[in-house]
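Beneath this line is the structure, given in structure tokens, with notes to follow.
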Amino acid sequence: MFRTTNWGSFWQAQDRWFLATVVTLVALGFAMVASASSDYSAHHHGTIYYFSVRHAIYLLIGLVGLSLAAFIPLKDWYALSFPLFIAGVVLLVAVLFFGTSVNGSQRWIRLAGFSLQPSEFMKVGMVLFIARYITKFQQDLSTRTLYFFRPLLAVPLVALLLLAEPDYGATVLISATVIGMLFLSGAPLLPFITLMIGVLGSAYFLAISSPYRLARLTGFADPWANQFDSGYQLTQSLIAFGRGHLTGVGYGNSVQKLMFLPEAHTDFVFAIWAEETGFFGAALIIALFTLLVTRLFMISRKALKRNQPFIAWTAAGFAFLISGQAFINMGVASGLLPTKGLTLPFISYGGSSLLVSLVMVGIVMRLCAAMNQSATRVRKPQGKAMEGVEEL
């Protein structure tokens, strides 16, 4: 599976802006977690460094995952796409039977003192699976409606398993990513509109069918009406944003992290960052994610021009995943969206999220290397299902 790599050409092929943005986000993420978790860590574990040390360990594990992902040839990622999807489904089933319940949600499997969140790994498996499907049936997708709906059969299966945990945020994110990838692939407009109506209707039904989710929606609409109940997290987050003003209260000087804002170092780390660095600090994070996603779509467009569809759709899928998750997390923290349990990629504390985010970076690095390697070769005849994949 692993291949000896010419490191000179490998690094020369990389998108430097993409990698620089990832490094910056990871560095700022470590600083955010260290600050946001310090008081909670001291209160519960007797040291302010408990979560920052564990985050550093997760980061090292993530870098190993990134390196392994970058080593694996593109043809093996193509071949592994369906097995990884099946493995993700198996993990989602396993967590329902062997998972650990935290705050009413059974989303984690504990292994050797660490927590594994299967939904994070399902995201990568789903993107690779759909990218392979589009690569094989690109022409049929644009002309035959059946081929548009076939890959969507996987979405209800994954959604039902996620909702059983429950994990409504991951359900929305994965579903939106699949729909976005199929839309960009040139799917017929009428089936796509029909699908969107069905998805929005299902999302509305799911939102009102559970008292827990309905309470979050009503709390989002007017959090101050129930500021000590369903609206507590959002009101505390908004207070953090309000205290930040333009330049913030200074790094490490947050008041909301003093046990006022729950999940301050995970789901709401962006609020603490906004409190400590103000509008300018928050704008910096948004600009970095915008740049990151833009570079991924540029990689996707370049691959399409070179007739390398698997590279193109994988990069586009990761762009949808990262942008969607970042938008939801920051939207929740700022009161733009109802509360969802999604971390901020590369930044929030959490082993599975950080590991999967860095593995995606490793895969993108392999995509860039494969795209550059293929560009130096004589083009083959068109029409092969694995064009640009079979030799890389």
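General remarks:
- Relative contact order (percent, whole number), the chain, Cα cutoff 8 Å, 6+ residue spacing: 27
- Region 219-367 pair-distance distribution - Cα-Cα, 5 Å bins, rounded %: 2, 10, 17, 19, 17, 13, 9, 7, 4, 2, 1, 0
- For region 43-104, the list of chymotrypsin sites (Phe, Trp or Tyr not before Pro) that fall in a loop by DSSP and count at most 16 other C-beta atoms within 10 angstrom reads Y49.
- Rounded to the nearest 500, the 222 nm mean residue ellipticity of the chain from helices alone is -23500 deg cm²/dmol, with -39,500 (n - 2.57) taken per DSSP H run of at least 4 residues.
- Residue of G248, G324, G46 that the Gaussian network model of the chain assigns the largest fluctuation, springs spanning Cα pairs under 10 Å: G46
- Net length gained if the chain between A27 and A42 were fully extended (0.36 nm per residue, minus Cα distance): 3.2 nm
- Protein heavy-atom accessible surface, 1.4 Å probe, per residue over the chain: 44 Å².
- Cα-only Debye scattering, region 231-292: base-10 log of I(q)/I(0) at q = 0.12, 0.15, 0.25 Å⁻¹: -0.25, -0.39, -0.96
- Note on Q139 and Y251: with the Förster distance fixed at 41 Å, the Cβ-Cβ geometry gives a FRET efficiency of about 0.15.
- Normalised alpha carbon radius of gyration of region 36-172 [divisor 2.2 N^0.38 Å]: 1.30
- With the simple model of a label 7 Å out from the Cα in the direction of the Cβ, D222 to F82 spans 5.4 nm.
- For the pair A20 and L336, the difference between a 0.36 nm per residue extended length and the Cα-Cα distance amounts to 110.9 nm.
- Segment N307-W7, extension gain: residue separation times 0.36 nm, minus the distance between their alpha carbons: 105.5 nm
- Helix 50-71 axis, angle to the chain major axis (alpha carbon atoms, nearest 10°): 0
- For region 272-341, the direction-averaged projected area of the alpha-carbon convex hull comes to 5.2 nm².
- Computing mean projected area of the Cα convex hull in nm² directly from the structure and comparing it against [x] 19.4; [y] 20.3; [z] 30.0 singles out [x].
The values are calculated or read from the model by the stated rules, or taken from the named source; none is laboratory data. None of these values were measured; they are calculated from a predicted model. Note: ideal-geometry Cβ built from the backbone for every residue, glycine included; neighbour counts use all protein chains shown. Ligands, DNA and RNA are excluded from the accessible area calculation, which covers all protein heavy atoms including side chains. Shrake-Rupley method; radii C 1.70, N 1.55, O 1.52, S 1.80 Å.
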